Amino acid sequence: MSAKKQKATSAKEVAGGGDSSMFDITLDQLKELMQERGKDLMEKLKESEYNGVKGILEKLKVDGNKGLDSNNEQDLEQRREAYGRNEIP
């Protein structure tokens, strides 16, 4: 059994929808991308709105080689507020 206490997760933390103004992509845009598959996704990513995977990384302010800094709790919390937790409820 884990000694860590897990705090209750609110629906907003899971779903997101908070302030994403520090990023250049909204939760709705990410949801739209997640609904696409295969060739349709590749075409969508090529649109000027996204500018490919590199464009998405830039909009999310993520280093493509390093990912997110797991030690920067303030940054991680801003992302949780904007986009929700990165888990399946």
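The values are calculated or read from the model by the stated rules, or taken from the named source; none is laboratory data. The shown structure was predicted, so the numbers you read here are calculated from the model rather than taken from an experiment. Here the Cβ is made from the backbone with ideal geometry for all residues, glycine too, and neighbour counts use every protein chain on show. SASA here: full protein model, heavy atoms, side chains in, ligands and nucleic acids out. Shrake-Rupley method; radii C 1.70, N 1.55, O 1.52, S 1.80 Å.
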For this session: Run Lys61 past the list (1) open to solvent by 40 Å² or more (accessible area, probe 1.4 Å); (2) out of contact with any Phe, Trp or Tyr (no Cβ under 7 Å at 6 or more places or on another chain); (3) under 16 Å from Phe23 (Cα atoms) and report the number of the one that doesn't hold.
Result: (2)
Seminar exercise, completed: Taking the range 17-43 and the residues there that are among the polar types (S, T, N, Q) and farther than 15 Å from Glu81 by Cα, the one that is surrounded by the most Cβ atoms within 10 Å (Cβ to Cβ) would be Gln29
Exercise. Any residue at all in the range 44-52 that is under 15 Å from the mean Cα position of the chain (by Cα) and surrounded by 12 or more Cβ atoms within 10 Å (Cβ to Cβ)?
Worked result: yes
